[in-house]
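First the structure, in the form of structure tokens, and then the observations on it.
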Amino acid sequence: MQNDEERTVFLKLPCWPPKDIYSDKYPDLCRWDICIHYGSSVKIYSAEASTTCIQISPSLGVPVAVTAIPVVNQSFQFSACGAIFPYSSELSWSDGFTATILTQLYSTCLSNNSKCLDAQKFNWTKFSETLSTKKNTSEIFFNPWYCNRENILNGIINQKFSATLLNQKNCLCIKSEELNAFSEGTFLHQYIPQNHAAGINGLITVPKSKTELFLNTAEKPVIAIAECSDTEILSVTLCEMPIQ
């Protein structure tokens, strides 16, 4: 009989290109940058683009945070997909943020040489469900990566977490055509689910008074850096991607 340390589980990666309205616009995948955090140890590596599953060796009662970042054109990273085992057996774009929070929580505990008991007690399923509810009820497209991760982590660690921390703040809703005024082609956001929504309603959520990265696919894929004010896009700078 296998003990817990010998148990092997395979988690399924999402398909590439993503099955959304812009499926034919995504560049070929170069690799997956993968992080598996067991709480007391972490494994980081790159996997070939053809990889379909991630192998983990979980221990009983300890949630495992798994994230996978898709990399295209050697250097451009989309936001991570992710899963927390045993609550999910497939990585998804929507759970990439949740798994990243657990990864950061584990990393904080390791750096402080403390046991991360909060990770086992915390209701990660409820956390993920709350994010899904926000996505369906927000007036503008809800992007969890615009939530304040530091506040969320402190809330979990200090056992003062509240769903009110899962709010995107200081965000602006713009029309896709505002980006196209600066350049032709499709502007792909780093957060995959936002692209499908933008393709349907022509609206994109961006942070106010900050810069935001996109992948522009006009002629060849280039990085597009959009500078935003509180009300509009001020400028878009197109940059060649560095070759690694």
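The values are calculated or read from the model by the stated rules, or taken from the named source; none is laboratory data. Keep in mind the model is a prediction, meaning the values are calculated, not measured. Using ideal geometry, Cβ is built from the backbone for each residue, glycine included, and neighbour counts are taken over all protein chains shown. Quick note on the areas: whole protein, heavy atoms, side chains included, nothing else; ligands and nucleic acids left out. Shrake-Rupley method; radii C 1.70, N 1.55, O 1.52, S 1.80 Å.
Considering only the stretch 90-100, state which residues are at pLDDT 95 or above and surrounded by fewer than 23 Cβ atoms within 10 Å (Cβ to Cβ). 90, 92, 93, 100, listed by residue number.
Is there a residue in the stretch 143-152 that is under 24 Å from residue 80 (Cβ atoms) and at pLDDT below 90? Looking for residues that are under 24 Å from residue 80 (Cβ atoms) and at pLDDT below 90, one finds none in the stretch 143-152, hence no.
Could you please let me know if residue 81 is touching a helix residue (DSSP H, G or I) at 6+ places or on another chain (Cβ under 7 Å) and closer than 30 Å to residue 184 by Cα? Yes. Scanning the stretch 187-244 for residues that are within 17 Å of residue 168 (Cα to Cα) and among the charged types (D, E, K, R) returns 208, 210, 212, 230. Listed by position, the strands (runs of 3 or more DSSP E) enclosed by the stretch 130-244 that each have at least 3 residues that are more than 19 Å from residue 26 (Cα to Cα) and open to solvent by less than 60 Å² (accessible area, probe 1.4 Å) are 171-175, 203-207, 233-239.
Checked across the stretch 67-86, the condition of being open to solvent by less than 10 Å² (accessible area, probe 1.4 Å), in a loop (DSSP other than H, G, I, E, B) and more than 30 Å from residue 197 (Cβ to Cβ) holds for no residue.
Picking from residues in the stretch 12-46 that are more than 17 Å from the chain's Cα centre (by Cα) and β-branched (Val, Ile, Thr), the one that is nearest to residue 112 (Cα to Cα) is 42. When 91, 153, 165 are checked against the criterion of being among the hydrophobic types (A, V, I, L, M, F, W, C) and free of Cβ contacts under 8 Å to residues at least 24 places away in the same chain, 165 stands alone in meeting it.
Listed here are the residues, each with its yes/no results for (1) at pLDDT 90 or above; (2) in contact with a Leu (Cβ under 7 Å, 6 or more places away or on another chain); (3) not basic (Lys, Arg).
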| site | (1), (2), (3) |
| --- | --- |
| 201 | yes, no, yes |
| 209 | yes, no, yes |
| 212 | yes, no, yes |
| 215 | yes, yes, yes |
| 223 | yes, yes, yes |
| 235 | yes, no, yes |
| 238 | yes, no, yes |
| 241 | no, no, yes |
| 244 | no, no, yes |
